[in-house]
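To keep things clear, I will list the structure first and then write my remarks on it.
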Amino acid sequence: MENTQGELNSSFSDMNRTVLVTGGATGIGKAIVRELAANGYDIAFTYLNSEKQALELQKEITDTYKVKCLTFKTDVSNEDEVDKTITAIENELGNIDILINNAAIDLSNLYHLKTAEEFRRTLDVNVVGAYNCCKRVADKMMEKQYGRIINISSTNGMNTYYPMSFDYDASKAALNSLTHDLAVQYAPYIHVNAIAPGFIGTEKELDGYDEEFLKEETDKILLKRYGKPEEVARLVRFLISDDADYINNSIIRIDGGQTGSY
């Protein structure tokens with residue numbers, strides 16, 4: 001495990017809420033890190049394979065906003081790595097108040113080329129990884145009688161299905177179920193919700209498909225466009241704010257009115 005830390009700004013109170021964003025170096029996670037830093041949250045985020053992007057983002061945050069920012073190389077599916085990372089965050093920033101489980105993999109491939117090993121790896125990262133992080137932060141949240149957990153799910157776990165991503169789809173359906181169970185387990189002090197984005201125009205999404213497929217998918221969306229990572233990030237900011245205090249145990253779609261895919 002590797003970690004780096006930007007300069008800490010002493011002008012902020014120790015009472016600032018601390019957020020952990022998993023998979024925060026690229027895509028939706030990167031947008032969430034930026035959005036929450038801009039709104040005064042102290043940030044820790046993890047990455048696995050995107051070290052260059054992680055370090056660039058950390059520098060951007062510490063240079064631009066008066067918040068603390070840490071980044072860690074962490075495989076969230078590994079319980080020991082999660083424990084070491086969160087211990088390091090607690091030592092530097094104090095207890096984690098808000099957890100955003102965004103880390104995920106999508107090993108899309110033709111159905112007949114899928115393997116059980118790929119299936120297990122997808123479940124390990126997308127579901128077990130979220131569980132590992134939730135379990136590690138929950139006790140201290142319960143002690144403080146305050147906590148917010150947001151799981152970044154997908155409409156793929158609800159009504160958008162592709163045989164080439166059946167393992168990813170199954171993992172997101174399982175993450176929705178985990179969200180409900182943890183909301184019950186941690187009530188009334190920790191709010192646990194999930195956000196289910198539809199087609200979001202991250203670099204990975206836009207670079208991974210041809211123009212014909214992109215048109216077919218946007219035609220299924222009532223707004224006739226794909227979403228922006230920043231739109232998901234703003235929804236995250238709302239759900240962890242006091243304005244959303246009565247929202248719990250919910251799966252919230254952000255998909256522009258996506259009509260499904262079969």
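The values are calculated or read from the model by the stated rules, or taken from the named source; none is laboratory data. If you're wondering where the values come from, they're calculated on a predicted model, not measured in any experiment. Virtual Cβ from ideal backbone geometry, glycine too; neighbours counted across all protein chains shown.
Every residue in the range 141-160 that is in contact (Cβ under 8 Å) with a residue 24 or more places away in the chain, farther than 18 Å from VAL236 by Cα and either surrounded by 15 or more Cβ atoms within 10 Å (Cβ to Cβ) or out of contact with any helix residue (DSSP H, G or I) (no Cβ under 8 Å at 6 or more places or on another chain) (or both), please. Scanning the range 141-160 gives MET141, LYS144, GLN145, GLY157, MET158, ASN159, THR160. If I ask for residues that are free of Cβ contacts under 8 Å to residues at least 60 places away in the same chain and within 14 Å of ASN102 (Cβ to Cβ), which ones from the range 187-216 would you list? Listed by number, the residues that qualify are ASN193, ALA194, ILE195, ALA196. Scan the range 251-262 for residues that are without any contact (Cβ under 8 Å) to a residue 60 or more places away in the chain and in a loop (DSSP other than H, G, I, E, B) and jot them down. The answer is GLY256, GLY257, THR259.
In the set LYS59, LYS73, only one residue is within 19 Å of the chain's Cα centre (by Cα), modelled with pLDDT of 95 or more and of a type in the set (Lys, Arg); that residue is LYS73. Among residues of the range 17-36 being surrounded by fewer than 24 Cβ atoms within 10 Å (Cβ to Cβ) and farther than 15 Å from GLU203 by Cβ, the one that is modelled with the lowest pLDDT is ARG17. If only residues of the range 251-262 that are surrounded by 14 or more Cβ atoms within 10 Å (Cβ to Cβ) and more than 20 Å from the chain's Cα centre (by Cα) are counted, the one that is nearest to ASP106 (Cα to Cα) is SER261. If only residues of the range 218-250 that are part of a loop (DSSP other than H, G, I, E, B) and aliphatic (A, V, I, L, M) are counted, the one that is surrounded by the most Cβ atoms within 10 Å (Cβ to Cβ) is ILE240.
Does VAL184 satisfy being touching a residue at least 60 places away in the same chain (Cβ under 8 Å) and of a type outside the set (D, E, K, R)? Answer is yes for this residue. Cβ-Cβ distances below 8 Å connect the following pairs, each with a first residue in the range 32-58 that is over 25 Å from ASP242 (Cα atoms), a second residue that is crowded, with 16+ Cβ neighbours inside 10 Å and at pLDDT below 95, and a separation of six or more residues or different chains: GLN58/GLY6. Taken over the range 68-88, residues that are among the β-branched types (Val, Ile, Thr) and surrounded by fewer than 23 Cβ atoms within 10 Å (Cβ to Cβ) amount to 1. Under the condition of being assigned to a helix (DSSP H, G or I), of a type in the set (Ser, Thr, Tyr) and surrounded by fewer than 22 Cβ atoms within 10 Å (Cβ to Cβ), which residue from the range 169-206 is nearest to the chain's Cα centre (by Cα)? Ranking the qualifying residues of the range 169-206, first place goes to SER177.
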